[in-house]
1. Which length gain, in nm to one decimal place, applies between THR24 and MET44 when the Cα-Cα distance is subtracted from 0.36 nm times their residue separation?
2. For segment 24-112, what does the alpha-carbon gyration tensor say about shape, rounded, prolate or oblate, given a ≥ b ≥ c as the root eigenvalues, a/c under 1.5 as rounded, and a/b over b/c as prolate?
3. Give me the distance in nm between label points sitting 7 Å out from Cα along the Cα-to-Cβ direction at ILE90 and LYS54, one decimal.
4. Of the peptides 40-51, 104-115, how do they stack up when ordered by the mean number of other Cβ atoms within 10 Å, highest first?
5. Residue separation times 0.36 nm, minus the C-alpha to C-alpha distance between ASN79 and PHE114: what's the value?
Amino acid sequence: MMKPEAKSSKRHGTGSSHLPAVRTLSIVGAGRLGTALGLALSKMGYEIRAVITKNTARARRAARVIGQSTIALSEDQLNSIGSRYEEVLIGSSLILIATPDDVIKSIAQNLATFF
């Protein structure tokens, strides 16, 4: 009978040099979850580059809560041809989708056009 491998006591991702450092991110969705994640990650030292929502006012509110350097974007602003905001999204190490489940697929498809 083979012995099961001993589990490492290290937490996943800590001390691992082969994983890229994620320090900049953008958040799609500025409801309770997106705003809370943005605020928590910002307090941990992450740069939240942008908050993107359908509603500009909600994006502005979330960006104000998260931090001064966070840009508030509407979906229309991001999708406008030749948008100067594309660089903000492309420059993010990670994009968090914090939206209702039924729109995740369309958002992911839309985001794929930028990469």
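1. Fully extending the segment from THR24 to MET44 adds 6.0 nm.
2. In terms of gyration-tensor shape, rounded.
3. The modelled label-to-label distance comes out at 2.8 nm.
4. 40-51, 104-115
5. 11.6 nm is the gain from fully extending ASN79 to PHE114.
A short reminder: the numbers here are calculations on the coordinates, not readings from a lab. Quantities reported herein were computed from a predicted structural model and do not represent experimental measurements. Neighbour counts run over all protein chains shown; Cβ positions are idealised from the backbone, glycine included.
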